[in-house]
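The values are calculated or read from the model by the stated rules, or taken from the named source; none is laboratory data. If you're wondering where the values come from, they're calculated on a predicted model, not measured in any experiment. Cβ: placed from backbone, ideal geometry, glycine included. Neighbour counts: every protein chain shown. Just so you know, the surface numbers come from the protein's heavy atoms only, side chains and all, with ligands and any DNA or RNA stripped out. Shrake-Rupley method; radii C 1.70, N 1.55, O 1.52, S 1.80 Å.
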Amino acid sequence: MTPFPDEFVSDRLRYERLCHDAVDVFALHEVYSPDEETEDITTYMPWDPRQTVVETAEFVDWCEAGREAGEHAPYLVRPREGEDGAGEIAGVTRLECDWERRTAMLELWLRKRFWGRGYSGERAGALIEIAFEHLDLELVSVNHQDGNDLSKRAIEKYVDRFGGQYDGLLRNWGPRPAEGRVVDAHRYTITREQYRKAIDDSSIDRGP
Amino acid sequence: MSAEALLPRTLSTEQLALRRLDSDAVDVRALYDYRSAFADSDALDWVAESAFETVWEAHEFVLDAEDRWREREGVRYLLTTDPPLDEVTDAETVVGTVDLSCEWDRRTASVRVTIRDGERRSGFATEAAEHALSLAFDRFDLDAVTLDHAVGNDPARAFAEHLVEAFGGQ
């Protein structure tokens with residue numbers, strides 16, 4: 001049993017620990033296998049569509065091992081009842097922990113039909129609360145690849161809402177071996193103090 | 001004999017519940033908070049135990065404790081004032097820990113009691129230590145129990161002396 005919650009919810013979304021027990025690997029492979037959609041989604045992502053179900057199974061192994069080692073907590077994101085596509089896998093999010101740096105890094109990808117609903121911000125609010133209030137970390141960071149304007153807008157919105165800042169451009173940050181290049185990334189951070197102040201000041205709910 | 005049979009999971013004394021520290025025993029965040037509370041008080045000079053740096057460190061501490069009793073090297077109990085709980089979730093209910101380390105080939109165990117600042121004069125330390133002594137002598141049939149305290153740690157020395165005197169040791 002690790003300090004990461006097995007499952008939790010936000011207003012419109014449910015988060016389940018990504019592990020072999022929680023998801024049928026063939027169902028997960030459906031959303032990871034190569035097609036027009038995943039090619040599109042991964043344009044600005046650090047991963048490529050998974051060619052075979054074995055690759056997807058190995059990804060789940062990696063999720064489980066990293067969680068046991070305290071490196072990250074990966075979750076399946078599913079819309080809750082009442083949402084269009086309720087119960088489906090809308091995407092995957094991870095809270096990556098760098099304990100020595102007291103820092104959590106957020107990651108998310110969503111299937112295209114779930115874009116534009118404000119899910120990214122809602123999910124960020126839930127993970128940030130876990131990072132600060134449950135895991136007692138000091139800093140949350142998030143990156144997006146240079147040129148990924150949709151992620152940029154979503155990130156700017158919630159970083160601003162929680163009182164964080166834009167740190168700058170990280171040049172040659174993300175290796176993309178399959179494409180034979182290394183990409184630049186933009187980094188944003190929110191401190192625990194900024195987060196608590198933003199929550200106190202506005203009494204905002206932690207949703208979108 | 002299995003480690004499970006060798007070392008009981010819960011024990012009760014007059015005022016205290018002892019819960020063997022393993023991953024089912026305590027919410028890691030509660031343990032982390034308990035040790036953080038220690039760091040803010042002078043309880044640190046009782047036995048050297050510092051706050052956990054991270055929640056993950058608290059988690060690893062629990063895994064280590066679990067390995068230790070599985071290997072029959074020793075056991076640590078959380079002390080709470082509640083009845084023996086399935087899982088300790090509130091740091092406020094933890095008043096301390098008692099630790100028994102067994103050196104089977106020397107027929108000896110060492111006992112360490114840590115009581116949270118503010119709970120010292122409640123007789124908790126003595127009760128916890130008596131139970132550890134009973135485990136060592138009555139259950140494990142060992143020949144000797146040792147108590148250490150840091151040089152200059154006067155409250156710990158006074159407690160060790162009190163206990164040794166009460167049980168006719170030296």
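Things worth noting here:
- Most mobile of A:71, A:133, A:100 in a GNM of chain A (Cα contacts under 10 Å): A:100
- Ranked from largest to smallest solvent-accessible area, with a 1.4 Å probe on the protein heavy atoms, A:132, B:159 come out as B:159, A:132.
- Here the translational diffusion coefficient of the range B:3-166 follows from Stokes-Einstein with Rh set to the Kirkwood radius across Cα pairs; for 4 °C and 1.567 mPa s it amounts to 82 µm²/s.
- Lys, Arg +1 and Asp, Glu -1 on Cβ, resulting dipole of the range A:114-208 about Cα centre, debye, nearest 20: 340 debye
- For the protein assembly as shown, the dipole from Cβ point charges (+1 on Lys and Arg, -1 on Asp and Glu) about the Cα centre works out to 720 debye, to the nearest 20.
- For chain B, a Gaussian network of Cα nodes joined below 10 Å ranks B:67, B:117, B:143 by mean-square fluctuation, and the top entry is B:143.
- Per-pair calculated FRET efficiency, R0 = 25 Å: residue B:73 and residue B:170 via Cβ, rounded to 0.05: 0.45
- Of all lysines in the structure, the ones whose alpha carbon falls short of 28 Å from that of residue A:112, not counting any fewer than 8 places away in one chain, are A:152, A:157.
- Using a probe of 1.4 Å on the protein chains alone, the accessible area found for residue B:162 is around 90 Å².
- For residue A:199, solvent-accessible area (1.4 Å; no DNA, RNA or ligand), Å²: 20 Å²
- Interface burial for B against A (accessible surface, 1.4 Å probe, total of both chains, Å², rounded to 100): 1000 Å²
- FRET efficiency, residue A:196 to residue B:81 (Cβ-Cβ, R0 30 Å, nearest 0.05): 0.45
- Chain A: DSSP helices with Cα axial extent of at least 24 Å and average Kyte-Doolittle hydropathy no lower than -1.0: none
- Taking every C-alpha pair closer than 8 Å and separated by at least 6 residues, the mean separation divided by the residue count of the range B:3-166 gives a relative contact order of 24 percent.
- Per residue of peptide B:54-65, the mean number of Cβ atoms on other chains within 10 Å of the residue Cβ is 4.
- For the protein assembly as shown, the 222 nm mean residue ellipticity estimated from helices alone, with every DSSP H stretch of n ≥ 4 adding -39500 (n - 2.57) and the total spread over all residues, rounds to -9500 deg cm²/dmol.
- Residue with peak Gaussian network fluctuation, chain A [Cα springs, cutoff 10 Å], from A:174, A:164, A:125: A:174
- The range B:76-170: C-alpha gyration tensor shape, a/c 1.5 cut-off, then a/b vs b/c: oblate
- Lys/Arg +1, Asp/Glu -1 at C-beta; the protein assembly as shown dipole; positive extreme among B:81, A:10, B:12: A:10
- Label zone at residue B:122 (point 7 Å along Cα-to-Cβ), backbone N below 19 Å, the range B:130-170: B:130-132, B:156, B:159
- Ranked order, A:187, B:19 - accessible area, probe 1.4 Å, largest first: A:187, B:19
- The 1.4 Å probe gives accessible areas that order A:115, A:173, A:99, largest first, as A:173, A:115, A:99.
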